[in-house]
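Input: a single structure, listed below in C-alpha cells.
The values are calculated or read from the model by the stated rules, or taken from the named source; none is laboratory data. Here the structure is a predicted model, which is why all the values come from computation and not from measurement. Cβ sites come from the backbone with ideal geometry, for glycine too, and all protein chains shown count toward neighbours.
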Amino acid sequence: MQTLIPAHIIVGPETIVYAHVEQFLQKKFCRDATTQPTCFCTQCRKIKARQHHAIVWICPEKAYTVEDVDIIFERTALALNENEECFFILDKTQTLTSATANRLLKVLEEPPRGYQFILLTNNIDALLPTIVSRCMITSLAGNQETEQGNPLLAYFSLEHNFRDPFAFEQELKKQHLSDTQSLELLHQLISTIMTRYKKTHQEQQFEHYTKEILDFVLVQAKTPPQSGSSELFWKNLYLSWPQRK
Ligand SMILES: [Zn+2]
C-alpha cells in the first residue's frame, strides 16, 4: 500500500507521542479486528517491545550521528513486495544535526515503495525547516505545560497555523496573566524564536520567515503590556502574527 505523504512528524510530550505511535502501528499490524491499546497478541507485543520485524526504531543516545541513520539506507536498498510495509520511527528528532538531516532529505521526500517514516519530537521548532516542509505534521497538544512551558506559547509556534482562535481566547482567559507574568512569557517567546533563528543561521538554513517573526516580536516588545492591558496585548499579538507565505 502506498500512502501519499510517507513522512510524518509527530509533535508532543514524549509519553503521549509514544502511545500514539504504538497505537498507530498496532492498527497496522494487529490481526485482531478490534485492536485495543491493551491487545497482547504476538504482533502487538513485538510492537511494544520494539522488536517487530517491519518496524525500525532509531533512538540515538545523545545527538544523532550520520551512522545512526545508516540502517535506513541498508534497509531501503532492498525492494519490498507490493503488499509489504516497513516503518522507520526516528525518535527525538529535535537532536538531528544538519549533517544527518541533510542525508535524510532525499529518502524522506521520495522513499522507495512501502517504506514510511515517522519522526518524533517534543519541539518542532528545533527541526530544520527543510525537514519540516517535507513532512505531514501531527501535533499532540497533550499537556504541553510540563514539557514546553506555558501552553499559550504553543499558539505562537513557528508552525502555528491559526486554526483555533477560540481555544486561544479560552486559554488566555483561564490564565488571567498579570502584567509581570505577561512580560515573562513575552521574554520566553522571544528567546524561543531567537534560538530558532540562531540555529537556522548556524546550520546555513537561513529562513526568511524566522527573521520576519523575530523582527515582528521585537517591535511588539517595544510596547509591552501595561497596567491591566495584558490580555489585549496577547490578543493583538495573536491577530497580527505574520503568516508563513
Ligand atoms: Zn494485537
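Just a few scattered comments:
- In segment 17-36, the qualifying residues are those that are surrounded by 18 or more Cβ atoms within 10 Å (Cβ to Cβ) and more than 9 Å from the ligand (Cβ to nearest atom), and the one that is farthest from E85 (Cα to Cα) is V17.
- Which numbered condition I89 misses (of (1) within 14 Å of the ligand (Cβ to nearest atom); (2) within 23 Å of I10 (Cα to Cα)): (1)
- Filtered by the rule that a residue be outside any strand (DSSP E or B) and of a type in the set (V, I, T), segment 101-135 gives V107, I124, T130, I131, V132.
- Any hit, segment 53-63, residues being more than 22 Å from A19 (Cβ to Cβ), loosely packed, with under 14 Cβ neighbours inside 10 Å and acidic (D, E): yes
- The residues listed here are A79, A7; of these, the one that is more than 13 Å from the ligand (Cβ to nearest atom) and either farther than 24 Å from S133 by Cβ or among the basic types (K, R) (or both) is A79.
- Residue ID - surrounded by the fewest Cβ atoms within 10 Å (Cβ to Cβ), chosen from residues in segment 153-185 that are modelled with pLDDT of 85 or more and within 22 Å of the chain's Cα centre (by Cα): E171
- Near pairs, Cβ below 8 angstrom, 6+ apart or cross-chain, from segment 69-88 (under 17 Å from T100 (Cα atoms)) to any residue that is assigned to a loop (DSSP other than H, G, I, E, B): T76/P111; T76/P112
- Scanning segment 199-245 for residues that are of a type in the set (V, I, T) and either surrounded by 11 or more Cβ atoms within 10 Å (Cβ to Cβ) or in contact (Cβ under 8 Å) with a residue 12 or more places away in the chain (or both) yields T200, T210, I213, V217.
- Considering only residues in segment 37-58 that are of a type in the set (S, T, N, Q) and near the ligand (Cβ under 10 Å from one of its atoms), the one that is modelled with the lowest pLDDT turns out to be T38.
- Odd one out for K106 among (1) in contact with a Ser or Thr (Cβ under 9 Å, 6 or more places away or on another chain); (2) more than 16 Å from the ligand (Cβ to nearest atom); (3) basic (K, R): (1)
- Taken together, the criteria exclude E82 from residues that are outside any helix (DSSP H, G or I), modelled with pLDDT under 90 and among the acidic types (D, E).
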